[in-house]
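Structure first, commentary second.
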Amino acid sequence: MKKLIVVANDIEASGKSTVARAIASHLTNLEINCALISSDERELDRGFKGEFWDFQDDMEVSQLIFNLDRYDVVVLDVQSGMARVWAEFCEENEIDDLLNEMNVEMTMVIPCNESERSNEEVVDLAEIFSDQTDYVIAHLPLEVRGSREVAWKGSGAAKAVKYLGAYEANMPEIGAALKTALKSADMDLVKAFDNLKEVPRFLEVQAMQWLDEAAAALAESEEYLVPEEIGGLVASY
């Protein structure tokens, strides 16, 4: 059974692209044939080497079918503000039925920090997609901006996640050494990930260390990220 992993959160700068690349890197290291796809056209000017899907004007079911046929896992990085558009696309094209026919499971990965807005977004997405998908909450230790900080434990989001049987992954902090390396190279983390073979050595080392720590965090939720069968072999968790 293949996987369609949708990384979504309509709040800007919530860590979607960082998490999507961490997942794609982790799966690639596990020798899983995966594709990373973005719905943000701006990525094409930043060195992104994956495929771009235009959710607003030119999204076709055939694109999804083609990639699910070709890859064991498709990781879809949904641009801020496009999560509801993806939901409408799924409903209008009966994607749930299509995935069942193609023997594909969908997992919704929601990056989340300790902000009220972020918690509300988790609840909203859980209500929109309900039991059509599995869930992984990627907790990111990011600075809370434009919203008051709230505790995760006991929140409505935490209760919704527990009810839906979601996995939770505690992603690593972007430490001082990595921030310094990014500043020196005049890059953000996503651009560094997209150009790892071309970045300065000091940045490559720090970025790879972060990806290794992220992989350890994601390993706890592999049941929702790794296909049950890979190249004819049943995956072990």
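Each value in this text was obtained by applying a stated rule to the coordinates, not by laboratory testing. All values reported here derive from a predicted model rather than from experimental measurement. Glycine gets a Cβ as well: all are built from the backbone with ideal geometry, and neighbour counts include every protein chain shown.
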Review point. Can you sort 191, 179, 162 so the residue with the fewest Cβ neighbours within 10 Å comes first?
Key: 162, 179, 191
Practice item. Pairs of lysines 8 or more apart, or on different chains, with alpha carbons under 27 Å: count those in the range 2-225, would you? Key: 25
Exercise for review: Name the long-range amide H neighbours of residue 138: under 5 Å, sequence gap of 5 or more, or other chain; modelled H, no Pro or chain starts.
Suggested key: 110, 112, 169
Study note, to complete from the structure: Listing 174, 5 by rising number of other beta-carbon atoms within 10 angstrom, fewest first, gives 174, 5
**Study point:** Cβ-based charge dipole, the chain, positive-most Cα from 98, 23, 8
**Key:** 23
Review point. How big, on average over all directions, is the shadow cast by the Cα convex hull of the range 2-225, in nm²?
Key: 11.8 nm²
Practice item. Would you please give the residues with an amide H less than 5 Å from that of residue 105, counting only those at least 5 places away or on a separate chain, with H modeled from the backbone geometry? Key: 2, 3, 4
